[in-house]
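Right, one structure below, let's go through it.
The values are calculated or read from the model by the stated rules, or taken from the named source; none is laboratory data. Bear in mind the structure is a predicted one, so any value in this text is a computation, not a measurement. Note that we place each Cβ from the backbone using ideal geometry, even for glycine, and neighbour counts take in every protein chain shown.
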Amino acid sequence: MPALSKLYFKTAIIFLVIGVGIGIHMSISENRSVMGAHAHINLLGWVTMALFGTYFVFDPAKAQTRLARVQYGIYTVGVIVMMPSLYFMLNGNEALEPLVAVSSLVVFAGVALFAYLVFSGEGQAAQ
Ligand code: HEM
């Protein structure tokens, strides 16, 4: 498995532990106000990162590129900033809304870069 895939899975599983922890806390407390943060930590953190990591298993040459590492960095920083700010915003701290907005654009940049990586090199012979 490429090092980048391992890194993606290590990062993803941390988000799953946090996301499931919030889910259990929501269930016990019967307070659903942070449901949006729970859903996004699990989906942007665990599911999407695990899919990114899986993609690079099937295209290890792309995993070696600098652009792929930059993509990991941008996406991960975006999710790391967005998740706590979304969580606390949904908990009532409305001042965090601009941080949620900016970090969600960083996440989008990471997604756009991944899209570029997927489509790049299409003209090359299959390996
Ligand atoms: C032990 C694990 C988990 C627990 C205890 C849990 C708990 C919950 C609870 C209590 C809600 C609110 C439901 C409602 O009030 O309608 C919820 C919503 C949600 N959860 Fe989880 N969850 C868990 C794992 C996951 C995972 C792994 C994912 C995704 C990969 C996920 C995705 C979602 C989504 C998308 C929603 C929003 C559903 C909606 O909008 O109706 N959850 N979860």
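Things to note:
- Subset of region 73-84 that is more than 16 Å from the ligand (Cβ to nearest atom) and closer than 18 Å to ALA109 by Cα - its residue that is surrounded by the fewest Cβ atoms within 10 Å (Cβ to Cβ): GLY73
- Some residue of region 4-16 being in a helix (DSSP H, G or I), within 16 Å of MET89 (Cβ to Cβ) and within 9 Å of the ligand (Cβ to nearest atom): no
- Scanning region 17-46 for residues that are buried (at least 16 other Cβ atoms within 10 Å of the Cβ) and under 11 Å from the mean Cα position of the chain (by Cα) yields a total of 6.
- Taking each residue of region 34-61 that is closer than 10 Å to MET83 by Cβ and looking for partners that are more than 10 Å from the ligand (Cβ to nearest atom) and among the aliphatic types (A, V, I, L, M) with beta-carbon atoms closer than 6 Å, six or more apart or interchain, yields ALA37/LEU86; ALA37/LEU90; ILE41/ILE18; ILE41/MET83; LEU44/VAL79; GLY45/VAL79.
- First in region 102-127 and on the phi > 0 side of the Ramachandran plot and loosely packed, with under 13 Cβ neighbours inside 10 Å, second anywhere and modelled with pLDDT under 95 and assigned to a loop (DSSP other than H, G, I, E, B), Cβ under 7 Å, 6 or more apart: none
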